[in-house]
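Okay, structure first, notes after.
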Amino acid sequence: MLPTNLIKNALISVSDKENILTIAQTLITNKIKLFSTDGTATILKKNNIPVTEISNYTKFPEIMNGRVKTLHPKIMGGILRRQNQDEKTMKLYDILPIDIVIVNFYPFNKIIQNISKNSINDIIENIDIGGPTLVRAAAKNYQNVIVIVDINDVKKIIESIKNNTINIENRFNLASKAFEYTSSYEKMISEYFIQKIIFIKTIVIIYFQKNTFFFYKKQDLRYGENHHQQASFYIEKHICQSGTISTAKQIQGKTLSYNNIADADIALECVKKFKTPACAIVKHGNPCGVAVSNCILKAYLSAYYADPISAFGGIIAFNDILDMKTAKTIIDTQFIEVIIAPEINIFAKKILQTKKNIRILTTGKFKNEKIGLDLKRITNGLLVQEYDLDNIDHKEWIIVTKRIPTKIEFKDAIFCWTVAKFVKSNAIVYGRNQVTIGIGAGQMSRIYSTKLANIKAQDQGHKIIGATMASDAFFPFRDGIDSAASIGIKCIVQPGGSIRDQEIIQAANEHDIAMIFTNQRHFKH
């Protein structure tokens, strides 16, 4: 069944005005009267195409900087009118039937893609309100109104429009396309707001294996990993323990950044693994120097000189009270972003106050274990796992080579294995006397991590002969062993488990290297 009314009036309101002149001229040629919003009407008039502005038709101006322009009873009534049912109402209020609605929406997608140049207010202003309302109304009344959201569809049906022969099936298909268009538009906006909700809400709830975890907003950050990214800091308030970055108290310095917090957490969790005075210096998600000694000052100096170039602008964490002499040494030695310690004595605080921009955090007494979940965000998803809480039980380790590690080598093996847990995979850690002397991190090949550790150790002039090496995962080939042996590594600790373990063990035996299998890996991605 075909609608009996002739196609007389078309409403055009488009943000994307490509081909609109051709379409408008085609409609005019076919004696279809045009109604349009101000922006589209201006272009049509400049090209001598007759058009009636909606505000002139409704006798109501566009208001609020164009926020309200098409939401008027004369427009909505003209679109939603029913044949043989609403004629009296239309006549009473002087409403014209609108037979074609041609609309596309504000370019929300383009605006959010250029977020570095557009503020949140710019983005919100590009959420179309009138357009989707017109399209939904026209699609709902598809038996009486032709709705077009793709201008190319006008060309396909112009002959049918001209002859008033567009059938119900075609009208329904156009309506279906229109609803799909509005749906995808709303979904795009919804996804944007879901992404931004973390900066608005104060609580985030995650359900995992019948448990509920509540994250409370602690603070908004100056920015994220980069200046153009917004960021906030959330903590598991109901289970947070003392001795963590989440509960740490900032007593001095500028506001913490996203990267400061991420690096500070790695540095703190690393030093918490040691029972004697320890220092870890972290930069860009990886330790660049870690040391254990009989006092904090010696631990700091050893950690710093392990890799002083990388330590510049790093994060320093201690597992013991920070004293005045160590505080002064740090200030005299290097540029630093953050210092973390369980406690800082009053004299050290006075020293640090001379450098007001340094962020100083005190954590309070450490707890033994992490509580909660380890979360990693991916695009449109969330990875949830338990923390890597594996405690070192060296009694379970297996010595697989002919040569047995010396007491010093075994002690260094425990130290290096502990540090490797906090280094991005592939991780290689060289250590001597419980001080890192070379760290290879984040390489796609374990051999390149080994080479990188070699380069760092050699560049700093560290004595490598007799040092110990830890690898967070097994060696798939013997080349890593050969590379380490070439510079004097004499003990290696690694998980084992490769199909070439015998080949790896043979290589170690050839180089008179002691090798330990832990049977436990520590990937950190």
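Only the coordinates and a few stated rules stand behind these numbers; no lab work does. Remember, predicted model here, so these are calculated numbers, not experimental data. Positions of Cβ are generated from backbone atoms using ideal geometry, with glycine treated the same way; all protein chains shown enter the neighbour counts.
Take the cross-link list Lys451/Lys490; Lys249/Lys356; Lys283/Lys421; Lys298/Lys328; Lys376/Lys451; Lys272/Lys463 and give me the ones stretching past 25 Å between alpha-carbons.
Over 25 Å Cα-Cα: Lys376/Lys451; Lys272/Lys463.
Can you give the FRET efficiency for Arg136 and Phe523, using 1/(1 + (r/R0)^6), R0 = 45 Å, r = Cβ-Cβ distance, to the nearest 0.05?
Efficiency for this residue pair is about 0.35.
Could you work out the equivalent-ellipsoid semi-axes for the chain, taking the square root of 5 times each eigenvalue of the Cα gyration tensor, largest first, in whole Å?
Value: 69, 27, 19 Å, ordered largest first.
So if we plug the beta-carbon distance of Asp482 and Glu186 into 1/(1 + (r/R0)^6) with R0 = 45 Å, what FRET efficiency do we get, rounded to 0.05?
Step by step, r from the Cβ atoms, then E = 0.15.
Calculate the spin-label point distance for Leu382 paired with Thr276, positioning each point 7 Å from the Cα along the beta-carbon direction, and give it in nanometres.
Label-label distance for Thr276 and Leu382, simple model: 4.2 nm.
How far is it, in nm, from the label point at His284 to the one at Ile321 when both lie 7 Å from their Cα along the line to the Cβ?
A separation of 3.8 nm, rounded to one decimal place.
Provide Arg403, Arg478, Arg82 in ascending order of the number of other Cβ atoms located within 10 Å of each residue's Cβ, fewest first.
Neighbour counts put them in this order, fewest first: Arg82, Arg403, Arg478.
Taking the beta-carbon count within 10 Å as an exposure proxy, list Phe366, Phe415 from fewest neighbours to most.
In increasing order of surrounding Cβ atoms, one gets Phe366, Phe415.
Working out 0.36 nm times the residue gap between Lys350 and His227, then minus their Cα-Cα distance, what length gain in nm do you get to one decimal?
Value of the extension gain: 41.1 nm.
If you count, for each residue, the other Cβ atoms within 10 Å and average over each peptide, how do 288-301, 124-137 line up from highest to lowest?
Descending packing order for the listed peptides: 288-301, 124-137.
Hey, with R₀ at 30 Å, roughly what FRET efficiency would Ser498 and Ile392 work out to, going by the Cβ-Cβ distance, to 0.05?
About 0.90, to the nearest 0.05.
Expressed as a rounded percentage, what relative contact order does segment 1-150 have, with Cα pairs under 8 Å and six or more residues apart?
Rounded, it is 26 percent for segment 1-150.
Length gain on complete extension for the stretch Gln460 to Ile408, per 0.36 nm per residue less the alpha carbon to alpha carbon distance?
Length gained between Gln460 and Ile408: 16.5 nm.
Quick check: residue separation of Ile168 and Ala262 times 0.36 nm, minus the Cα distance between them. What number comes out in nm?
So the chain would gain 27.9 nm between Ile168 and Ala262.
What ratio of Cα Rg to 2.2 N^0.38 Å holds for segment 391-517?
0.91
Using a 7 Å offset from the Cα along the Cα-to-Cβ direction at both Asp122 and Tyr93, what is the distance between the two label points in nm, to one decimal?
Label at Asp122, label at Tyr93, 3.9 nm between them.
Relative contact order for the chain: what is it in percent, counting Cα pairs under 8 Å that are at least 6 residues apart?
8 percent
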